[in-house]
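The structure appears right after this line, and notes come after that.
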Amino acid sequence: MELLILLAKIIGLTFLVVLPLVPISVYFERRFSAVIQDRVGPNRVGIPLTLFGAKKDFSFAGLIQPMADGVKLFLKEDFTPSYVRKAFYWLAPALTVAPSLITLAVIPFGSTLTIGGYSINLAIADIDVGPLFIFSIASLSVYGITLAGWSSNSKYPFIGGVRSTAQMISYEIALCLSIIPVLLYFGDLNLGKIVQHQADHGWLLLPIWKNGHLGIPDAQTLLFWIPAFISFLIFTVSIFAETNRMPFDLPECETELVGGYHTEYSSMKFAMFFMGEYAAMVVGSALIITLFFGGWSAGFGLDESIKQLSVGGVGIGGLVHLGIFLAKLLAFILFFILVRWTVPRFRYDQLMKLGWVVFFEAALVNVFLAALVIAAPSLTTTVIALGAVLLVALTAAIIWVAKVSEERVKPNSGLLGQN
């Protein structure tokens, strides 16, 4: 029975919940960008009722557009250039999309669902090292992009693959460091327990209730909101860089690299790169929601009442929490899309400087700040003051080192100084 439940969770959560979010995200991106640019967007693709004698087709407001995109990619010629390294060329798309789907296994999509006396946890694998599992598996996707660029035997894809590798290394460090204050606060690596803690004591970025009662949080919780917000800011921007989304889409920058690492790909192999990008966006959004915004928690003390909901003896609280989780997820996907269509692309030197000079140091200082706030109740005033002074001195030293290490460019140097 446990095997059947596990199989049902894999099929239900991965293939019926998450994968449909990929074409839905594409549709949202088309419509949202059209609104921003004062265009109409997809509005024609629908059921061709005129073929059956009707006077007008049923357009569905363009909702059939994702299906049309899928049919187009399936029917396109699957052309493989003769000069590519074929084994790695075919392997690369699978290596790009697979890690994004595997990391979904540890995301808690909802609370417990009770059916026929069985309690079903709405997470495929409820393991105690959730964030570490996600980071270790998600970082493997860079191999797919790098192999795609190298195996294409073409200069532009190769540059795109190298860019992706450098970008992944740069922001992986900041990403991991930014999450340490969060894990210190919760004292647990189990994502399900982290969400339950937020359901009981308030979301990490909205700690205004405890055990179902609204109120002003204590001084320590208020102070920890500062390192928590810094972690959220660094983590969110780093997720953009990790998923190669604008303004960090330098590996596939069409203005410089034609199409980057997937220039030589077509048909469903190209679609797998496309799917991998959007699946990574879904996973990144899910992780942000889980760590900072309560995951499936409705908040404000409502979660215990939701868990008790049942229809015909079947506890449906988990399904309600699943709906809440998906609503938050769609909101963050729209945020990803908004950023893509409003923020201009970074230069590559700006991207690397942000990762190594700004985020790495800021995340490191934030770890010490969070540790000082968490340990403050058990420390004397003298020790706290000494820790604060050392933290300020460390921050000033890091800023000074970062500033003096920058290469100073003379005003008349380079191409502008040449006659």
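Any read-out appearing in this document is the output of simple, stated calculations on the displayed coordinates, not a laboratory observation. Small disclaimer: the values here were computed from a predicted structure and weren't measured. Because the Cβ atoms are built from the backbone with ideal geometry, glycine has one as well, and the counts that use them run over all protein chains shown.
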Report task. Could you list T112, T382, T243 in order of exposure, starting from the residue whose Cβ has the fewest other Cβ atoms within 10 Å? Result -> T382, T112, T243
Query raised in the report: Mind checking which aspartates and glutamates have their C-alpha under 17 Å from K86, skipping anything on the same chain fewer than 8 residues away?
Result: E77, D78, E264
Requested in this report: Would you kindly state the longest site-free stretch of the chain, with sites defined as chymotrypsin sites (Phe, Trp or Tyr not before Pro) in a DSSP loop (not H, G, I, E, B) surrounded by at most 16 other Cβ atoms within 10 Å?
Outcome: 84-299
Query raised in the report: Based on the Cα gyration tensor of region 2-86, what are the three equivalent ellipsoid semi-axes, each the root of five times an eigenvalue, rounded to whole Å and given largest first?
Result: 29, 23, 17
Requested in this report: Run the dipole for region 209-339 about the Cα centre, Lys and Arg Cβ at +1, Asp and Glu Cβ at -1, nothing else charged, and hand back the magnitude in debye, nearest 20.
Outcome: 500 debye
Report summary line: So V339 and I10, fully extended at 0.36 nm per residue minus their Cα-Cα distance, gain in nm 115.3 nm
Report summary line: Counted neighbours (other Cβ, 10 Å), sorted fewest up, put D200, D249, D349, D38 in the order D38, D349, D200, D249
Report task. Report the extension gain between H213 and K403 in nm, rounded to one decimal, defined as 0.36 nm multiplied by the number of residues separating them, less their alpha carbon distance. Result -> 63.7 nm
Query raised in the report: What does the charge dipole of region 297-357 about its Cα centre add up to, to the nearest 20 debye, if the Cβ of each Lys and Arg holds +1 and the Cβ of each Asp and Glu holds -1?
Result: 380 debye
Query raised in the report: Calculated from DSSP H runs of 4 or more alone, at -39500 (n - 2.57) each and per residue, what is the 222 nm mean residue ellipticity of the chain, nearest 500?
Result: -19000 deg cm²/dmol
Requested in this report: List the longest stretch of the chain that has no exposed loop site; here a site is one of the GluC sites (Glu not before Pro) assigned by DSSP to anything other than H, G, I, E or B, with at most 14 other Cβ within 10 Å.
Outcome: 78-405
Query - Which of L16, L391 has the fewest Cβ neighbours within 10 Å, and the rest in rising order - result: L16, L391
Report task. For region 238-302, count the residues as N, evaluate 2.2 N^0.38 Å, and divide the Cα radius of gyration by that value, please. Result -> 1.48
Query - Selection from I179, W356, Y118, by position along the positive dipole direction of the chain (Cβ) - result: W356
**Report entry** Length added when fully stretched, F79-T50, from 0.36 nm per residue minus Cα-Cα
**Finding:** 7.0 nm
Requested in this report: Using only Cα atoms, figure out Rg for region 40-133 and give it as a multiple of 2.2 N^0.38 Å.
Outcome: 1.77
**Report entry** Listed residue pairs exceeding 23 Å between alpha carbons, taken from K307/K328; K9/K307; K76/K155; K210/K328; K353/K403
**Finding:** K76/K155
Report summary line: Rounded to the nearest whole number, the per residue volume of the convex hull around the C-alpha atoms of the chain in Å³ is 210 Å³
Report summary line: Cα-only Rg/Rh for region 155-223 with Kirkwood Rh rounds to 1.26
Query raised in the report: With the dipole of region 140-248 worked out from charges on the C-beta (+1 for Lys and Arg, -1 for Asp and Glu) around the Cα centre, which of S164, F224, W203 lies farthest toward the positive end?
Result: S164
